[in-house]
Amino acid sequence: MTTLDAVPALRGVDPGTGAAVRRPPVRTGSRARSAWTLSRRAVLRAGTAVGMAALSVFPAARRAYADGYTIYAGCPSYASDHNCSPGCGPSPIFADSCNTSGTYLGFHKNDGVTWILRPNECYAGTYDGWLWRYQGACGACACSVERRCHDGYRKTSSGWVRSICRWNTDCGCLTSYAWPTVRRGATGANVYTIQHLLTARGHTTTADGIFGSDTETKVKSFQTTAGLAATGVVDATTWPALVITVRSGDNSHAVRGAQRQLNKHAYGLSVDGVFGPATDSAVRDFQRQNGLTADGIVGANTWRTLTGAPT
């Protein structure tokens, strides 16, 4: 999933707007499956005649159109309180709400236990979400990105909350990432990750997200142990030695480091060090969105893409 702050922002405080595609599903047996078969010309023609009028209901949609987003028709009425970055309101995006395999790949899960659709029409009703496109750099998509969004509910300890499944349908010009350079004075997710990884490597470090003197000392200690120059700077030489491959079933500070990174990219995981189903789903989604092998294993390539900056 592309990090939310990588999506080109609209003017003002609204984080984005939605682009809707309304069409009847194709029914297969007792359960209907949504079909995205209308041509761009047909969608845009409908958008010209009807959709732009619908945008008046959503000021953010008008701003998105002015800021370079292609609006496919208008935001559906039920999506006024949703957000798919760009979306139609504030409903959160849950990476693990999307089916990542099988017949309904890319659609919101609907098991009736943890996930249900909203308004429960994705497979068996009239509407199946909304579609938007941005012509420009967006996360790993260096040239353009097109996304489909389905809305639903997720069951939590406090009850059912609204959720979004956001799925890339097209990514133009996948970019590559380079290891970041992190040194004393830095703060944020990369520092947290470094501190977790140092602890996992046996150099216990307080995870406070601040690259201070103690973290610098621990980095130098690790570098010396690893046979590297003890610069105290975590760069393209140190990162590959510092990262630890993690996967489903692991429970460690290295997993905490991966969870910190995934949360930087808007996955909303609990940083508990447990590589469970939610973390596995987030890793696979992040890998798929960034052109990596979606195997759920956080190895060197995934670590570099999580931590780094596009080149």
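Observations on the model:
- Qualifying positions in segment 286-311 - in a helix (DSSP H, G or I) and charged (D, E, K, R): ARG288, ARG304
- In segment 278-311, the residue that is farthest from ASP235 (Cα to Cα) out of those that are β-branched (Val, Ile, Thr) and modelled with pLDDT of 85 or more is THR279.
- Among all residues of segment 238-253, there is none that is at pLDDT below 90 and under 18 Å from SER176 (Cα atoms).
- Listed by first and then second residue, the pairs linking a residue in segment 148-160 that is touching a residue at least 24 places away in the same chain (Cβ under 8 Å) to a residue that is crowded, with 19+ Cβ neighbours inside 10 Å and of a type in the set (Asp, Glu), with Cβ atoms under 9 Å apart and 6 or more places separating them unless they lie on different chains, are ARG148/ASP128; HIS150/ASP128; ARG154/ASP96.
- Meets criteria (farther than 30 Å from GLY106 by Cα and not in a strand (DSSP E or B)) for VAL283: no
Rundown of residues vs (1) modelled with pLDDT under 85; (2) over 18 Å from SER281 (Cβ atoms); (3) of a type in the set (Ser, Thr, Tyr); (4) crowded, with 19+ Cβ neighbours inside 10 Å, yes/no style:
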position: PRO92; (1), (2), (3), (4): yes, no, no, no
position: ALA95; (1), (2), (3), (4): yes, no, no, yes
position: TRP115; (1), (2), (3), (4): no, no, no, yes
position: ALA124; (1), (2), (3), (4): yes, yes, no, no
position: ALA137; (1), (2), (3), (4): yes, yes, no, no
position: ARG148; (1), (2), (3), (4): yes, no, no, yes
position: GLY159; (1), (2), (3), (4): no, yes, no, no
position: TRP167; (1), (2), (3), (4): yes, no, no, yes
position: ALA178; (1), (2), (3), (4): no, yes, no, no
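- For segment 285-311, a residue qualifies if it is charged (D, E, K, R) and surrounded by fewer than 22 Cβ atoms within 10 Å (Cβ to Cβ), and the qualifying residues are ARG288, ASP295, ARG304.
- Some residue of segment 198-205 being modelled with pLDDT of 95 or more, at positive phi, outside any helix (DSSP H, G or I) and out of contact with any His (no Cβ under 6 Å at 6 or more places or on another chain): yes
- The residues of segment 97-112 that are surrounded by fewer than 22 Cβ atoms within 10 Å (Cβ to Cβ) and hydroxyl-bearing (Ser, Thr, Tyr), listed by number, are THR100, SER101, THR103, TYR104.
- If only residues of segment 206-230 that are of a type in the set (Ser, Thr, Tyr) and part of a helix (DSSP H, G or I) are counted, the one that is nearest to LYS264 (Cα to Cα) is THR215.
- Residue satisfying all of: in segment 278-311; among the hydrophobic types (A, V, I, L, M, F, W, C) and under 17 Å from SER176 (Cα atoms); nearest to the chain's Cα centre (by Cα) among these: PHE286
- Beta carbons closer than 7 Å, at least 6 apart along the sequence or on distinct chains, pair a first residue in segment 115-137 that is assigned by TED's automatic domain parsing to the domain that holds ASP96 and of a type in the set (Val, Ile, Thr) with a second that is at pLDDT 75 or above and in a loop (DSSP other than H, G, I, E, B) for ILE116/ASN110.
- Candidates in segment 130-164 are the residues that are within 18 Å of the chain's Cα centre (by Cα) and assigned to a loop (DSSP other than H, G, I, E, B); of these, the one that is farthest from PRO310 (Cα to Cα) is GLY136.
- Members of segment 201-239 that are closer than 19 Å to GLN259 by Cα, crowded, with 17+ Cβ neighbours inside 10 Å and either hydroxyl-bearing (Ser, Thr, Tyr) or not assigned by TED's automatic domain parsing to the domain that holds GLY273 (or both): THR205
- Leading residue by the ranking (modelled with the highest pLDDT) among those in segment 258-277 that are of a type outside the set (Val, Ile, Thr) and surrounded by fewer than 19 Cβ atoms within 10 Å (Cβ to Cβ): ASP272
The values are calculated or read from the model by the stated rules, or taken from the named source; none is laboratory data. Just so we're clear, the structure is a prediction, and the values are computed from it rather than from any experiment. Heads up, the Cβs are rebuilt from the backbone with ideal geometry, glycines too, and the neighbour counts pull from every protein chain shown.
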